[in-house]
Amino acid sequence: MKDVHIVLGVITIALNGAAGLWGAWRYWRAEASTWFWRLLRAGQLTIVLEAALGGVLLLTKHKAPSLHYIYGILPLLVSFIAEQLRIASAQMILDARGFESTAAVGRLPDDEQRSLVRSIVLREMGVMTLSALVIVVLLIRAAGTAG
């Protein structure tokens, strides 16, 4: 089971790294990307699976240094906090442009709606890209402290 944990850890680092790098590239080019979101969500899923498997290993008396557990749990927290910031970032854009609600956006001409949605999606990508890159660093540290 420890070998599965290691393999899943490598996959988790790879998926989150790919999401972070692809998201950074597309954000820099100011282009939305469905592949970014697919990679990100796959990476988030593997974080949950990896943490669950780590919990099973802990319950079955496999010991690791305390730092390994901290670095292993932090990606879950970073992902959760990033999702909250992602949601807030959309509201920040609406507030900055003086919209009281999404209903007010619906009254805009189509091209202005698309421009606003594009701004929101890019801001959300930026937030989640940063979280993916932070998660990669934490996961690499977790791997380095596995013992």
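When GLU100 is tested against (1) surrounded by 14 or more Cβ atoms within 10 Å (Cβ to Cβ); (2) not in a helix (DSSP H, G or I), just one condition goes unmet, and that condition is (1). Just one of the listed residues (ALA24, ALA64, ALA19) is touching a residue at least 60 places away in the same chain (Cβ under 8 Å) and either outside any helix (DSSP H, G or I) or over 15 Å from the mean Cα position of the chain (by Cα) (or both), and it is ALA64.
Given the criteria more than 22 Å from HIS68 (Cα to Cα), buried (at least 16 other Cβ atoms within 10 Å of the Cβ), at pLDDT 95 or above and out of contact with any helix residue (DSSP H, G or I) (no Cβ under 7 Å at 6 or more places or on another chain), does LEU39 qualify? So LEU39 fails the test. Only one entry of LEU130, LEU77, LEU85, LEU138 meets the criterion of being modelled with pLDDT of 95 or more, over 20 Å from TRP37 (Cβ atoms), under 16 Å from the mean Cα position of the chain (by Cα) and surrounded by fewer than 18 Cβ atoms within 10 Å (Cβ to Cβ), and that entry is LEU77.
Could you list, in sequence order, the residues of segment 27-44 that are part of a helix (DSSP H, G or I) and touching a Phe, Trp or Tyr at 6+ places or on another chain (Cβ under 8 Å)? First the steps, then the outcome.
Kept after step one, since they are part of a helix (DSSP H, G or I), are these residues of segment 27-44: 27-28, 34-44.
Listed by number, the residues that qualify are TRP35, PHE36, LEU39.
Against the conditions (1) in contact (Cβ under 8 Å) with a residue 12 or more places away in the chain; (2) farther than 30 Å from LYS2 by Cα; (3) not aromatic (Phe, Trp, Tyr), ASP110 satisfies every one except (1). For segment 42-64, filtered to residues that are at pLDDT 95 or above and among the polar types (S, T, N, Q), the residue that is surrounded by the fewest Cβ atoms within 10 Å (Cβ to Cβ) is THR46.
The values are calculated or read from the model by the stated rules, or taken from the named source; none is laboratory data. Predicted, not measured: the structure shown is a model, and the values here were computed from it. With ideal geometry, Cβ positions are generated from the backbone for all residues, glycine too; neighbour counts draw on all protein chains shown.
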